[in-house]
1. Calculate the mean, over all residues of peptide B:100-109, of how many other protein chain Cβ atoms lie within 10 angstrom of the residue's Cβ.
2. Quick one, what does Rg over Rh come out to for the protein assembly as shown if you take C-alpha atoms and the Kirkwood Rh?
3. What ratio of Cα Rg to 2.2 N^0.38 Å holds for chain A?
4. I'd like the distance separating the alpha-carbon centroids of segment A:48-114 and segment B:35-50, in whole Å.
5. Between A:44, A:28, A:56, where does the largest GNM mean-square fluctuation fall for chain A, given springs only between Cα atoms within less than 10 Å?
6. Write down the radius of gyration of segment A:1-42 and its Dmax, each obtained from C-alpha positions, in Å.
7. Could you check the simple spin-label distance between residue B:96 and residue A:81, using points 7 Å along Cα→Cβ, in nm with one decimal?
8. Give me log10 I(q)/I(0) at q = 0.15 Å⁻¹ for segment B:23-77, Debye formula, one equal scatterer per alpha-carbon, no solvent.
């Protein structure tokens with residue numbers, strides 16, 4: 001399977017715990033994006049990388065959230081001191097830099113904070 | 001804040017019927033509009049990328065049109081089948097931007 005892979009698919013945690021998600025993009029894609037989708041809403045942009053550089057972060061990404069892409073390949077998204085409001089589907093997507101920038105998505109990580 | 005809206009939020013369609021729904025987006029600073037289909041427990045799948053005013057694109061029984069001057073796109077499903085049941089998302093990219101700004105989606109349920 002050469003698509004975008006996200007792990008884990010589901011994560012249940014208690015409020016106050018830290019969680020980390022991983023995204024493996026399509027191998028030749030140098031751009032990687034994180035989005036968050038809550039019930040009844042469309043996905044919302046969180047951040048994106050071009051190679052290992054984090055080029056844009058949404059104001060939604062509070063200081064409890066951090067994302068890395070250390071070698072320009074896979075990425076991790078960490079949430080510290082989780083809150084119930086963090087419960088959502090976290091989606092990762094990747095693309096090349098070629099127009100028109102089709103983004104290919106993983107199946108997401110569903111986080112439930114109890 | 002970019003406002004991308006989809007209507008209706010949900011739609012029940014009888015198998016064999018045709019249907020359509022709308023995405024509205026800012027008409028200024030337009031770069032591209034993407035349509036995705038998202039089935040439960042799967043990845044969102046790109047259907048169309050539309051960049052030019054008046055674009056019409058087709059994939060099997062699904063087609064889409066684009067009006068960038070008035071800021072809307074329609075997605076049409078002809079002869080709906082149960083496998084068309086999914087959430088259809090549109091997403092706007094502004095000029096010189098990279099991130100997708102999504103609408104809330106239209107959830108389509110095709111009843112046999």
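1. Partner Cβ neighbours, averaged per residue: 4.
2. Rg/Rh for the protein assembly as shown comes to 0.97.
3. 1.00
4. The distance from the Cα centre of segment A:48-114 to that of segment B:35-50 comes to 18 Å.
5. Maximum among the listed residues: A:28.
6. Over segment A:1-42's Cα set, Rg and Dmax evaluate to 13.1, 37 Å.
7. About 3.7 nm, to one decimal.
8. -0.42
We did not get these values from a lab; they are worked out from the coordinates using the rules stated. Keep in mind it's a predicted model, so treat the numbers as computed, not measured. Neighbour counts run over all protein chains shown; Cβ positions are idealised from the backbone, glycine included.
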